[in-house]
Amino acid sequence: MECCDSVCLIKDGWFREINDMWPGHYFALKIDSVLSCEKSDYQDIMVLKTTNHGNALILDGVIQCTEKDEFAYQEMIAFLPLCSHPNPERVLIVGGGDGGVAREVDKHPLVKKIVQVEIDQKVIDASKKYLPNMAKGFDSPKLELKVCDGFEYMKCHKNEFDVIITDSSDPIGPASALFSESYFSLLKGALRSGGIICSQGGTAWDDIETVKKTLDHCRRHFKEVRYPIAGVPTYPTGQIGFFMGALDGNSDLTTPKFKFTDEDLEKYDLKYYNTQIHSASFVLPNFARKALYE
Ligand code: SPM
């Protein structure tokens, strides 16, 4: 097995997610073995067999998903924008190399075409081998998968999509450009009239200044901007937010236009997202509401 720097974070049978992005605390996963560890042109890619959380994908030492709780993030980043749009026929996914977001987007009955641009073929390959329940998203008949830079892709694809979902890692390393103002400008240009975006948005607990700065970038290009949150136990602080923006200033992102019925939730195997969670996710604690909206 090739090796990557992330193995240094394993000690006494535990993977410890120690990182300056969340100073003073860390989350740890008990592990049985390292299934894979390699360096790509972009990042360290490690897959762990954990004792209680299934297999886990780690990029540059940061947990991206575990088989136990990945559905919470993948469902929310997909259905918050899709269900806020009246007719999300054409969807672009930037990143999302494990396939889990494509798996969820494929379920929405109004989606006809999904384009996904992921920069790192090695993440796709590792996910197909070790995370099959996520990578089945790549089997969607609606999906066209391109291995290229999302930033570059959008420079030459204007006015094409109803919803754009950015499923990125955190704003250091290869994903840092996806949190810049110029990225939000490109997102706006790639959307059709009435378009909506949703991007991975960090956590208000760890770095509210970065969240606020990125939300302000979003505000410069989108008329309606919101920051919903979701609970994901294996992310730092157990919570993650999303940058949501709508081109139309009259969009009410908090009230879904498309409502899954109870039968739909069973049919599509939705384990986190529902209509009530959609609206509730926009309710923020006072410290975050003040910092981000006032
Ligand atoms: N398809 C799942 C990929 C997950 N992408 C987001 C990962 C974020 C991990 N770090 C969260 C830390 C937030 N401060």
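The values are calculated or read from the model by the stated rules, or taken from the named source; none is laboratory data. The structure displayed is predicted, hence computed values, not measured ones. Don't worry about glycine lacking a Cβ; one is built from the backbone with ideal geometry, like all the others, and counts go over all protein chains shown.
So, of the residues in region 241-282 that are of a type in the set (Lys, Arg) and assigned to a loop (DSSP other than H, G, I, E, B), which turns out to be nearest to residue 77 (Cα to Cα)?
Only one residue tops the list, namely 271.
For residue 102, only one of the following conditions fails: (1) aliphatic (A, V, I, L, M); (2) out of contact with any Lys or Arg (no Cβ under 7 Å at 6 or more places or on another chain); (3) more than 19 Å from residue 243 (Cα to Cα). What is its number?
Going through the list (1) aliphatic (A, V, I, L, M); (2) out of contact with any Lys or Arg (no Cβ under 7 Å at 6 or more places or on another chain); (3) more than 19 Å from residue 243 (Cα to Cα), residue 102 breaks only (3).
Just the residues that are of a type in the set (Gly, Ala, Ser) and without any contact (Cβ under 8 Å) to a residue 12 or more places away in the chain, please, taken from region 12-34.
Start the filter on region 12-34 by keeping residues that are of a type in the set (Gly, Ala, Ser), which leaves 13, 24, 28, 33.
24, the sole residue that qualifies.
Which residue pairs have Cβ atoms closer than 6 Å, lie 6 or more positions apart in sequence or on different chains, and pair a first residue in region 121-137 that is under 15 Å from residue 59 (Cβ atoms) with a second residue that is of a type in the set (Phe, Trp, Tyr)?
No pair meets every condition.
Going by the conditions given, is residue 162 under 18 Å from the mean Cα position of the chain (by Cα) and within 13 Å of the ligand (Cβ to nearest atom)?
Details: under 18 Å from the mean Cα position of the chain (by Cα): yes; within 13 Å of the ligand (Cβ to nearest atom): no.
No; evaluated as a whole, the condition is false for this residue.
Considering region 171-191 alone, what residues qualify as being under 24 Å from residue 43 (Cα atoms) and surrounded by fewer than 22 Cβ atoms within 10 Å (Cβ to Cβ)?
Within region 171-191, 171, 172, 173, 174, 176, 177, 180, 181, 182 qualify.
State whether one or more residues within region 143-156 are under 26 Å from residue 41 (Cα atoms), touching a Ser or Thr at 6+ places or on another chain (Cβ under 6 Å) and either part of a helix (DSSP H, G or I) or within 16 Å of the ligand (Cβ to nearest atom) (or both).
No, region 143-156 has no match at all.
Looking at (1) surrounded by fewer than 19 Cβ atoms within 10 Å (Cβ to Cβ); (2) touching a Phe, Trp or Tyr at 6+ places or on another chain (Cβ under 8 Å), find the lone condition where residue 107 falls short.
Single failed check for residue 107: (1).
Of the residues that sit in region 45-59 and are of a type outside the set (S, T, N, Q) and either more than 18 Å from residue 175 (Cβ to Cβ) or at pLDDT below 95 (or both), which one is nearest to the ligand (Cβ to nearest atom)?
56
Residue by residue through region 35-58, note down the ones that are crowded, with 17+ Cβ neighbours inside 10 Å and without any contact (Cβ under 8 Å) to a residue 24 or more places away in the chain.
54 - this is the single residue of region 35-58 that is crowded, with 17+ Cβ neighbours inside 10 Å and without any contact (Cβ under 8 Å) to a residue 24 or more places away in the chain.
Check off (1) more than 19 Å from residue 57 (Cβ to Cβ); (2) touching a residue at least 40 places away in the same chain (Cβ under 8 Å); (3) of a type in the set (Ser, Thr, Tyr) for residue 169 and give me the number that stays unchecked.
Every condition holds for residue 169 apart from (1).
Considering only region 228-253, state which residues are surrounded by fewer than 17 Cβ atoms within 10 Å (Cβ to Cβ) and either on the phi > 0 side of the Ramachandran plot or away from the ligand (no atom under 16 Å from the Cβ) (or both).
Within region 228-253, 237, 238, 248, 249, 250, 252 meet the criteria.
Let me spell it out: the conditions are (1) buried (at least 24 other Cβ atoms within 10 Å of the Cβ); (2) touching a residue at least 60 places away in the same chain (Cβ under 8 Å), and residue 98 meets all of them except one. Which number is the exception?
(2)
Between residues in region 231-246 that are more than 18 Å from residue 55 (Cα to Cα) and free of Cβ contacts under 8 Å to residues at least 40 places away in the same chain and residues that are part of a strand (DSSP E or B) and within 12 Å of the ligand (Cβ to nearest atom), which pairs lie under 6 Å by C-beta distance while being six or more apart or on different chains?
Matching pairs, first to second residue: 239/229.
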